[in-house]
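First the structure, in the form of structure tokens, and then the observations on it.
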Amino acid sequence: MKILSKYIVSLLCCILVVSCEIDNYDGPDATIQGTLYDHNGQPLQVNQGSAYIRAREVSWAKNNETNFVGNQTLKVQQDGTYRNTKWFSGEYRMMPYAGNFYPYDDEKQDTDDAGDLVQISGATTKDFTVTPYLTIEWMKKPAMTSDNYLECSVRFKRNQKAGYEMPDVREAWLRVSRSVNAAAADGQYFKVKMDLTNDMEGQEVNFRTDIPLKYTGTDYWIRVQMDCKAAAGKPETNYPGIGAANYTTIEKIHVP
């Protein structure tokens, strides 16, 4: 038994040593960060944690030509910023992809060399500019009525990118949340979507909650969401991300 026990201990030690040698790689040592901007130079408003930036390391692929290197994704915060502090240094192809905007790399799009070549080391900042399907702006920012309902209004503009057909608008929602993460909206306040048509473009679109705001002495965060669909009879408008919503900025109100 003693001999067997010594053998087992020795075997386990060997396994541990081999495991350490196989997994002895340097950890991530870089930070990649930046902002998605719209074509007007404003931070792009998105849904919290949207995986809208695609990255593919090409420096590793150059040294390992027989191996496949897959794409990674970086999530974008609702104000258009992104940041990852646990990233491996190297050369990457990066691009915004399948979001609430027209395709970014018009010529290559889904090829292996699509996107911008970015050398990442230390703290690296990479910004992108895209053309969103819609620009939505406040006309009347959210405000309380005397009977504790919330009202606001916006107008939207469909954007055009050279070489692309514009999609049709589909629907809108008023999002009311007690969290700064406006995606965690309370569905009781706006229960049924508002149908949109293209001829509503540029007009004032009014919103009112279905019920009064329930809590006093608290903050609410509000934004309007609108999305698009492929134009009728035009399958070429079925771009990646066509169903992704565009948003207003987030407004905070305090209910006394």
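The values are calculated or read from the model by the stated rules, or taken from the named source; none is laboratory data. Quick caveat: nothing in here was measured; it's all calculated off a predicted structure. For neighbour counting, all protein chains shown are included, and Cβ atoms are generated from backbone atoms with ideal geometry for every residue, glycine included. Quick note on the areas: whole protein, heavy atoms, side chains included, nothing else; ligands and nucleic acids left out. Shrake-Rupley method; radii C 1.70, N 1.55, O 1.52, S 1.80 Å.
Points to keep in mind about this one:
- Residue satisfying condition, being closer than 28 Å to Pro256 by Cα, of a type in the set (A, V, I, L, M) and touching a residue at least 24 places away in the same chain (Cβ under 8 Å), within set Val180, Val192: Val180
Yes or no, residue by residue, for (1) surrounded by 15 or more Cβ atoms within 10 Å (Cβ to Cβ); (2) among the polar types (S, T, N, Q); (3) out of contact with any Lys or Arg (no Cβ under 6 Å at 6 or more places or on another chain):
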{"site": "Arg158", "(1), (2), (3)": "yes, no, yes"}
{"site": "Ala162", "(1), (2), (3)": "no, no, yes"}
{"site": "Asp168", "(1), (2), (3)": "yes, no, no"}
{"site": "Gly187", "(1), (2), (3)": "no, no, yes"}
{"site": "Lys191", "(1), (2), (3)": "no, no, yes"}
{"site": "Leu213", "(1), (2), (3)": "yes, no, yes"}
{"site": "Thr218", "(1), (2), (3)": "no, yes, yes"}
{"site": "Ala232", "(1), (2), (3)": "no, no, yes"}
{"site": "Thr248", "(1), (2), (3)": "yes, yes, no"}
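- The residues of the range 147-160 that are assigned to a strand (DSSP E or B) and not charged (D, E, K, R), listed by number, are Leu150, Cys152, Ser153, Val154, Phe156.
- Applying the criterion of being open to solvent by 50 Å² or more (accessible area, probe 1.4 Å), outside any strand (DSSP E or B) and closer than 27 Å to Lys157 by Cβ to the residues of the range 90-146, the residue that is modelled with the highest pLDDT is Asp127.
- Any hit, the range 179-197, residues being of a type in the set (A, V, I, L, M), at pLDDT 95 or above and within 20 Å of Thr135 (Cβ to Cβ): yes
- Restricting Gly233, Gly163, Gly202 to residues that are free of Cβ contacts under 8 Å to residues at least 12 places away in the same chain, part of a loop (DSSP other than H, G, I, E, B) and either on the phi > 0 side of the Ramachandran plot or β-branched (Val, Ile, Thr) (or both) narrows the list to Gly233.
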